[in-house]
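Enquirer: First the structure, which I've put down as structure tokens, then a few questions once you've had a look.
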Amino acid sequence: MNPHLPLTVLALAATLAAASVQAQGQPVIGLITKTETNPFFVKMKEGAAEAAKAKGAKLLTGAGKSDGDNAGQVTAMENMIAAGAKTILITPSDAKAILPSIKKARDKGVLVIALDSPTDPADGTDALFATDNYKAGVLIGQYAKAALAGKPAKIVTLDLFPGHPVGAQRHNGFLKGMGLPAPDAKSNELGKDAALACMADSFGDQAKGQTAMENCLQKAPDANLVYTINEPAAAGAFNALKKAGKEKNVIIVSVDGGCQGIKDVGEGKIAATSQQYPLKMAAMGVEAGVEYAKTGKKPSGYTDTGVTLIAARPIAGVDSKDVKTGTELCWGKK
Amino acid sequence: MTATVTAGAAAKAPVAIPWGQLGPFIALLIACTFFAFTTERFFSGENLSLILQQVMVVGVIAIGQTLIILTAGIDLSCGVVMALGSIVMTKFAVELGMPAPLAILCGIVATALFGLLNGLLVTRIRLPPFIVTLGTFNIAFAITQLYSNAQTVTDLPPAMTWLGNTFALGGANVAYGTVLMIGLYLGIWFWLRETAAGRHVYAVGNNPEATRLVGIPTERVLLGVYVMAGVFYGIASLLSVARTGVGDPNAGQTENLDAITAVVLGGTSLFGGRGVVLGTLVGAIVVGVLRNGLTLMGVSSVYQVLVTGILVILAVTVDQLSRRASR
Amino acid sequence: MSANSPLVMQAKGLVKRYGQVTALDGADFELRAGEILAVIGDNGAGKSSLIKALSGATIPDEGEILLDGKPVKFRSPIDARHAGIECCYQDLAVAPAMTITENLFLGRELRREGFLGNVLRMLDKKKMLETAIARMNDLKVGIRSMTQAVETLSGGQRQCVAVARAAAFAEHVVILDEPTAALGVKEGNMVLELIRRVRDKGLPVILISHNMPHVFEIADRIHVARLGRRAAVLNPKKISMSDTVAVMTGAMPPEAIPAECLA
């Protein structure tokens, strides 16, 4: 038998397959998240897959190995473009380091949309579909102010870690919502104020949030309001307060709207949380990709994917939705 | 050379001041004094007992890590194996309805099995521990995420979180888990000092060829150390569950390096054969004191990381210099 | 120490092959009571293979070994140790960070009596220290403190500790592998003195060495290994050093050796 026969057959098959993909004109869209495992991104992938199926697009997914793994995202992007992706949706792990790769992609005519958090600068991508994290902070700040009903606030903030834009936006938005002087939405610095009795870093982790809250309680035993960067940190804060016997007198507010977090709101552990919509971000991204493949039209600028205040106890003057609504819209395992 | 031999240190015998062992205590003393003067609440029984609770998970992980580092090995997977243990025990209790003690045992068995895996790869296949545990770190992490579906496990039976409860002791609230941690440290300290098996751990770390030549079952000692470490990671996972009240699949990721930091700060040599396990406890407490004190001072957590890094370099330098001086 | 001294250890027709290489090609060996027997030979002559067979580190393919006239089979160095043969290796086999006492008892630690020893497995450190001091005194090894770490000792002192360890536990035979290699003149002499004292206590010593002057200084007989066999056994008091080297390299065939030089 001709020794080259198997190779020839293989080459022929590959060409036919490639040709069929081209011939179908099926838009290929790549989604690159920060990690594979964070439920936020899992939900994003689900939303993207559903939208892709509905619109007849082909979805490729990839991610870095961990938060901050830029190289993994770069590799994923290169592989996806080589596989024919004309649109890349990405939640950048490193807002600056990813820029050169994105530029290369855009120079090739690939549409690149940032999801959930922007690149730095934000016009590094064609468009941004994300939560307005500042607004998310403002909403819970407003609720907290109203819930305090005039009592002087002694605030503990459990932040992410220094320098992270999302951490700064939520923190500063919260200060704004509380009516305190706050840096604007573009700032990466955490705003300070006399009412902030203690600021600590939780790294968005439950155990670290608990430790941070315990330490802050030592510094400010009479704190009555806790802002947390996300719901795992809030769960840790609640634990610490419960151990100190203070959970009934302290208001905890948070951001995220994951299903576990909404459950905690329902159980009274978290007073209010700003819910964000990863599913929507992904679906919008897929739609934009399909549109681009069909008409060549690119989206631009920043599109707010929405944030809703979820609270168990409604308060006059603050617009919030109830836990039932929050549960229907939540992301993660219900 | 016919002078008679005497016991104990004579005039000319070099009395090496164990700076390597005193160092961590001195660092702890300095840190505590500093924070006692610069903050109001640092030096209270309640705050100090809190710090012990905050370090109890890393503290127990670091016991296992100390044993491994004493044999000139290292374990980069300790934190995520701990997370795996906590997921196994909480899921078994909540989803499979297992009684808490049995579920806890299963969690510890799971972590011990990982220890066994590490040990077999090191002793039978003769792979360097750094590389082996780098691999098992990834495997354990993936298994934990897949099995838990990246969700925390909540609504645990009270028996599981009992170690997180506290009892009153002289004006402070001490957690049962803290008592367990201190008990474990004392037990291992005794074992390493007073039993042949413990001394063999030091010998294997100091000169494995020598131990083979004198008939010590070197491979068995190494395997035993890795399995023991796995058991300690399992106990740490119970403490983690007890402290936070949930099984968290994302726990333990910084504990991998935190445990190694505690061991190094405690004066144990990364080259094996030297170190006192109680030093590791001091090292873990120093890190907890820094974190607590800096928060009380209102200083950003970045400085805690900076100071820890400086202390690690100091600790290793002091160890090296004191060894050179004793020659 | 005459030819009529009883044979403590004997080997007949030892053969050991490693693949294509024959390390031992029908080697014979005799060790008499109360003597220091030096084993010399060029590289590849088979002396290390011979020693390994005698100490249980390797198992010969053919031949037999007799201890006090009785055939023995060693499957590992531990078997040899249990039979009363102790080996002091070239790299000393000590844990430098541990004390002299601990190194002396490494692998054969003493436990306390009763509950503390049997259940808690506690070591009897006091007894080990006392025994260590006594043995070292026996052998007149002049180290001041048994609780100092081995790494604080000089090269010669470390060698003495290693030799003393072998001597302290051996019941039948002490094997020393290059004990004076890498030592200066003074320290080398210190070790040779110690080896003499070991022999004087009644333990026969097998000494492997490349150092001809040292061999001639303390050996009672010299076993020359060549090409995997025993070329000759020489009397250092009668034969010259240069002739010995000639036998070792093959320049002087065994037949050419004068009768009075044989031992």
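No lab work stands behind these numbers, since they all come straight from the coordinates. Computed from a predicted model, the values in this text were never measured in an experiment. Cβ coordinates were reconstructed from backbone atoms using ideal geometry, including for glycine residues, and neighbour counts include every protein chain displayed.
Enquirer: Dividing the alpha-carbon radius of gyration of the protein assembly as shown by 2.2 N^0.38 Å (N being the number of residues), what value is obtained?
Expert: Here the answer is 1.23, to two decimals.
Enquirer: Let me ask you something else. First check a/c for region A:140-224, with a ≥ b ≥ c the square roots of the eigenvalues of its C-alpha gyration tensor; if it is under 1.5, answer rounded, and if not, answer prolate when a/b is larger than b/c or oblate otherwise.
Expert: oblate
Enquirer: For region A:175-248, which trypsin sites (Lys or Arg not before Pro) are both in a DSSP coil and crowded by at most 11 other Cβ atoms within 10 Å?
Expert: A:K186, A:K248
Enquirer: Next question, about the same structure. Just to check I understand the Karplus step: with θ = phi - 60° and J = 6.51 cos²θ - 1.76 cosθ + 1.60, what whole-Hz values come out for region A:305-314, glycine and proline as x?
Expert: 3J(HN,Hα) across region A:305-314, in whole Hz: 8, x, 9, 10, 7, 10, 9, 6, 10, x.
Enquirer: Before anything else, pin down the relative contact order of chain A: Cα pairs under 8 Å, at least 6 apart, normalised by residue count, whole percent.
Expert: Computed over chain A, the figure is 18 percent.
Enquirer: Loop-only trypsin sites (Lys or Arg not before Pro) in region A:54-114, please: DSSP not H, G, I, E or B, and at most 12 other Cβ atoms within 10 Å.
Expert: Loop-located and lightly packed - A:K96, A:K108.
Enquirer: Pick from C:V39, C:V15, C:V245 the residue whose mean-square fluctuation is largest in a GNM of chain C, springs joining Cα atoms under 10 Å.
Expert: Answer for the Gaussian network model of chain C: C:V245.
Enquirer: Looking at region C:49-193, send over the antiparallel percent of its DSSP beta bridges, to the nearest 5.
Expert: Antiparallel: roughly 55 percent of the beta bridges in region C:49-193.
Enquirer: For region B:113-203, what class follows from the C-alpha gyration tensor (a ≥ b ≥ c being the square roots of its eigenvalues): rounded when a/c is under 1.5, otherwise prolate if a/b is larger than b/c, else oblate?
Expert: oblate
Enquirer: With contacts defined as alpha carbon pairs under 8 Å and 6 or more residues apart, what's the relative contact order of chain B in percent?
Expert: Reported as a whole number, the value is 34 percent.
Enquirer: For chain C, find the longest principal axis of its Cα atoms and tell me its angle to the long axis of helix C:125-138, 0 to 90°, nearest 10.
Expert: 40 degrees
Enquirer: How would you rank A:220-226, A:254-260, highest first, on the average number of other Cβ atoms within 10 Å across their residues?
Expert: Highest mean packing first, the order is A:254-260, A:220-226.
Enquirer: Helix-derived [θ] at 222 nm for chain B: sum -39500 (n - 2.57) over DSSP H runs of at least 4, divide by residue count, nearest 500?
Expert: -23500 deg cm²/dmol
Enquirer: Using a Gaussian network model of chain B with C-alpha springs under 10 Å, which one of B:V286, B:V109, B:V299 is most mobile by mean-square fluctuation?
Expert: In the Gaussian network model the winner is B:V299.
Enquirer: Please report the net charge: other residues with Cβ closer than 10 Å to the Cβ of B:A175, K and R +1, D and E -1.
Expert: +2
Enquirer: Given H placed on each backbone N at 1.01 Å, which residues far from A:L111 in sequence or on other chains put an amide H within less than 5 Å of it?
Expert: Here the answer is A:T87, A:I88, since their amide H atoms fall under 5 Å of that of A:L111.
Enquirer: Using the C-alpha gyration tensor of region B:258-297, what are the square roots of 5 times its eigenvalues, in whole angstrom, with the largest one first?
Expert: Working from the Cα gyration tensor, I get semi-axes of 23, 8, 6 Å.
Enquirer: Hey, another quick one. Excluding same-chain residues fewer than 8 positions from A:K53, which lysines have a Cα within less than 22 Å of its Cα?
Expert: Candidates past the 8-residue exclusion: A:K43, A:K45, A:K86, A:K280, A:K294, A:K297, A:K298, A:K333.
Enquirer: Let me ask something additional. Starting from the amide H of C:I36, placed 1.01 Å from N in the peptide plane, find each other amide H under 5 Å away whose residue is 5 or more places distant or on another chain.
Expert: The list, which skips near neighbours in sequence, is C:V205, C:D220, C:R221.
Enquirer: Work out the mean other chain Cβ neighbour count within 10 Å for the residues of B:187-196 and drop it here as an integer.
Expert: For this peptide, the per-residue mean of nearby foreign Cβ atoms is 3.
Enquirer: Per residue of region A:178-185, what does 6.51 cos²θ - 1.76 cosθ + 1.60 with θ = phi - 60° give for ³J(HN,Hα)? Whole Hz please, x for Gly and Pro, Karplus curve as stated.
Expert: Here the 3J(HN,Hα) series is 6, x, 9, x, 9, x, 7, 5 Hz.
Enquirer: Hey, another quick one. Rank by packing, highest mean first: peptides A:282-291, B:267-276, C:59-68, with packing defined as the count of other Cβ atoms within 10 Å averaged across residues.
Expert: A:282-291, B:267-276, C:59-68
Enquirer: Take peptide B:286-297, look around each residue's Cβ out to 10 angstrom, count Cβ atoms belonging to other protein chains, and average those counts.
Expert: Rounded to a whole number, the mean comes out at 3.
Enquirer: Determine the shielding of peptide C:115-123 by partner chains: average, over its residues, the number of Cβ atoms on other chains within 10 angstrom of each Cβ.
Expert: 3
Enquirer: Is the shape of region B:284-323 best called rounded, prolate or oblate, per the rule: a/c under 1.5 gives rounded, else a/b larger than b/c gives prolate, else oblate, with a ≥ b ≥ c the square roots of the Cα gyration tensor eigenvalues?
Expert: prolate
Enquirer: Can you tell which of C:R111, C:R121, C:R230 shows the greatest fluctuation in a Gaussian network model of chain C with Cα springs below 10 Å?
Expert: C:R121
Enquirer: Helix C:155-169: angle to the longest alpha-carbon principal axis of chain C, degrees 0 to 90, nearest 10?
Expert: On a 0 to 90 degree scale, this one is about 90.
Enquirer: What helices does chain A hold that run 15 Å or longer along their axis, going by alpha-carbon atoms, with a Kyte-Doolittle average of -0.5 or more, using DSSP H for the helix calls?
Expert: Flagged H segments are A:5-24, A:39-55, A:70-82, A:133-148, A:231-243, A:278-295.
Enquirer: Only helical DSSP H runs with n ≥ 4 go in: add -39500 (n - 2.57) per run for chain A, normalise by residue count and round the 222 nm mean residue ellipticity to 500 deg cm²/dmol.
Expert: -14000 deg cm²/dmol
Enquirer: While we're here: For chain C, report the translational diffusion coefficient in µm²/s to the nearest whole number, using Stokes-Einstein at 10 °C, 1.306 mPa s, and a Kirkwood Rh over Cα pairs.
Expert: Here the translational diffusion coefficient equals 82 µm²/s.
Enquirer: If amide H atoms are built 1.01 Å from N in the plane of the peptide, which residues on other chains or at least 5 residues away come under 5 Å of the amide H of A:K321?
Expert: A:L309, A:I310, A:A311
Enquirer: Using the Kyte-Doolittle scale, find the helices of chain B whose mean hydropathy is at least 0.5 and whose Cα atoms extend 18 Å or more along the helix's long axis, counting only whole DSSP H runs.
Expert: Length and hydropathy pass: B:19-38, B:56-70, B:78-94, B:100-123, B:129-148, B:176-194, B:218-244, B:277-297, B:301-325.
Enquirer: Turning to a different aspect of this structure: Between B:A197, B:V289, B:L239, whose Cα lies farthest towards the positive end of the dipole of region B:184-297 when Lys and Arg beta carbons carry +1 and Asp and Glu beta carbons carry -1, centred on the Cα centre?
Expert: Result: B:A197.
Enquirer: Pairing the Cα long axis of helix C:185-200 with the longest principal axis of chain C, what angle in degrees results, from 0 to 90 and rounded to the nearest 10?
Expert: It works out to around 90 degrees.
Enquirer: May I ask for the Kirkwood hydrodynamic radius of region B:44-316, worked out over all distinct Cα pairs and given in angstroms to one decimal?
Expert: 18.8 Å
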